[in-house]
Amino acid sequence: MEKWDGNEGTSAFHVPEWMIQFADQKQEFNKRPTKIGRRSLSRSISQSSTDSYSSAASYTDSSDDETSPRDKQQKNSKGSSDFCVKNIKQAEFGRREIEIAEQEMPALMALRKRAQGEKPLAGAKIVGCTHITAQTAVLMETLGALGAQCRWAACNIYSTLNEVAAALAESGFPVFAWKGESEDDFWWCIDRCVNVEGWQPNMILDDGGDLTHWIYKKYPNMFKKIKGIVEESVTGVHRLYQLSKAGKLCVPAMNVNDSVTKQKFDNLYCCRESILDGLKRTTDMMFGGKQVVVCGYGEVGKGCCAALKAMGSIVYVTEIDPICALQACMDGFRLVKLNEVIRQVDIVITCTGNKNVVSREHLDRMKNSCIVCNMGHSNTEIDVASLRTPELTWERVRSQVDHVIWPDGKRIVLLAEGRLLNLSCSTVPTFVLSITATTQALALIELYNAPEGRYKQDVYLLPKKMDEYVASLHLPTFDAHLTELTDEQAKYLGLNKNGPFKPNYYRY
């Protein structure tokens, strides 16, 4: 047995022979698997591909069968079958999830209590396409309490919590969504929400623009009765501005994504926490010392970079905008082109809202076991379609985690098939979603009740006063006490004592 030898009061360790041999051989761990060992590392392409494309159920579905919800005949306790969820029997469990979320969504609960008597959404028929989570359920039930009728589909095929969808269906909400939908299922669910005999929407709440796109494509005449659109994602807002520029936007639209209470809280603080949660749950990796490249330094990118830097990762940033690029540099991140670091990084994260940010060429050059994921709304940022080729083997490792294996044995770890990581693979902080959901609710109330002529066929930001109101509803949670202006101070600044406190051009 090796031992410590004393030498003039100083301890020295005699290096064992096995340590020397290990040092000589340590480079073997970084080599790619060889062709010889490939069969032991992966199954046949036909089987692994099937596994990869199959849907991943939520953790409560272990006892459920694989029958498509579209093929099931289900009714809730009231006898209604106007819904399509994975398993209506999960409703009780989903109700508990919703009750937990309510505790962290003080503004929505306050709004529900304050406006319930007035019913500001009485007569509103809202069709929604968002992530169906416990937090969304609190929003939907708040809209219902304010007088609205709602029909809902999911904006992401992996983010639906099946038990929550079941609880909503049991409560009488027509919900058409389940975790692991196919592309065909996705559009079928949206169509079931929209194409209903005897019911036509007059408001749209969208996340990503797919619902709006579907109505424009299939049912354009519906816009004659629709009062407005509320959109909360970068992708969906971009589509709305394109429609507006082309003169094809038929109704007023509210851009919630660029509201201060969405962009500076949901986009930043939510992603700062949920990026780590999503990566941990899917890969169990340690972040300290890992090299990470984050594509995009908007609010989402800023949140991701801050979290990973705090965990000890070496973070690189790619950016097209010189202002965001300068912010990244002054925050201590090295600005690079993706080609410069693609061979060395351990994790690649996209959050740009663009398409093909990570191309097949990038994927071919990545190191073995590189993790690739997306934090943007759409699945266009990573060129996943280029990986659906016969020479590459797909191996499903766990829910939402695929190994894509090259002929030489190299593999990358692809999360959620390039879709939104945090809502597909983990959860997001409820409190910050309360801020976004309250903003959405107020935007719906504003558009629905606005007198004719206030809003034209264009895209608008939520009035600053409403942003401040949403923020104020959340301050009591922290026992926070706002300072009030004196009359003299308000006059000096040229402000109303009750706000708004900043001009529209102010950058928070």
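The values are calculated or read from the model by the stated rules, or taken from the named source; none is laboratory data. Predicted model, so just to flag it, every value in this text is computed and none were measured. So basically every Cβ, Gly included, is an ideal-geometry build from the backbone, and we count neighbours across all protein chains shown. Ligands, DNA and RNA are excluded from the accessible area calculation, which covers all protein heavy atoms including side chains. Shrake-Rupley method; radii C 1.70, N 1.55, O 1.52, S 1.80 Å.
Structure above, values below:
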quantity	calculated
Of every Cα-Cα pair in the stretch 302-379, the percent that sits beyond 13 Å	69 percent
Viscosity 0.890 mPa s, temperature 25 °C, Stokes-Einstein D of the chain from Kirkwood C-alpha radius, µm²/s	98 µm²/s
Accessible surface, 1.4 Å probe, highest first, among residues S233, S359	S359, S233
Per-residue ³J(HN,Hα) for the stretch 501-508, Karplus 6.51 cos²θ - 1.76 cosθ + 1.60, θ = phi - 60°, Hz, x for Gly and Pro	9, 9, x, 4, 7, 5, 9, 6
Cβ-placed point charges (K, R +1; D, E -1), dipole of the chain about Cα centre in debye, nearest 20	1080 debye
For the chain, calculated [θ]222 nm from helices alone, where every DSSP H run of n ≥ 4 adds -39500 (n - 2.57)	-10500 deg cm²/dmol
Calculated from backbone phi, Karplus (6.51, -1.76, 1.60) coupling profile of the stretch 420-436 in Hz, x at Gly/Pro	3, 5, 5, 7, 7, 10, 8, 10, 10, x, 4, 4, 5, 6, 4, 5, 5
Options S359, G79, Q200, ranked by Cα towards positive dipole end of the chain, top entry (Cβ charges)	Q200
Spacing of the two label points (7 Å from each Cα toward its C-beta) at R388 and M330, in nm	4.4 nm
Percent carbon-and-sulfur accessible area, the stretch 305-405, ignoring ligands, DNA and RNA, probe 1.4 Å	54 percent
Solvent-accessible heavy-atom area per residue, rounded to whole Å², over the chain at 1.4 Å	49 Å²
For the stretch 170-222, the fraction of alpha-carbon pairs in successive 10 Å shells from zero, as %	21, 57, 22, 1
Unsatisfied cross-links (Cα-Cα over 28 Å) in the set K355/K464; K217/K464; K89/K224; K264/K355; K264/K309	K355/K464; K217/K464; K89/K224
Dipole moment magnitude, nearest 20 debye, the stretch 340-457 about Cα centre, only Lys, Arg, Asp, Glu C-beta charged	60 debye
Residue (of V404, Y297, L420) at the positive-pole extreme of the stretch 269-425, dipole from beta-carbon charges	V404
Set K290/K410; K218/K248; K119/K456; K290/K337; K262/K497; K125/K262 screened for pairs whose C-alpha atoms are more than 21 Å apart	K119/K456; K262/K497; K125/K262
Base-10 log of normalised Debye intensity for the stretch 136-230 (one unit scatterer per alpha-carbon) at q = 0.10 Å⁻¹	-0.25
Estimated Rh, the stretch 325-444: Kirkwood, alpha-carbon pairs, angstrom	16.0 Å
Highest-first arrangement of 443-454, 272-283, where packing means the average Cβ count within 10 Å	272-283, 443-454
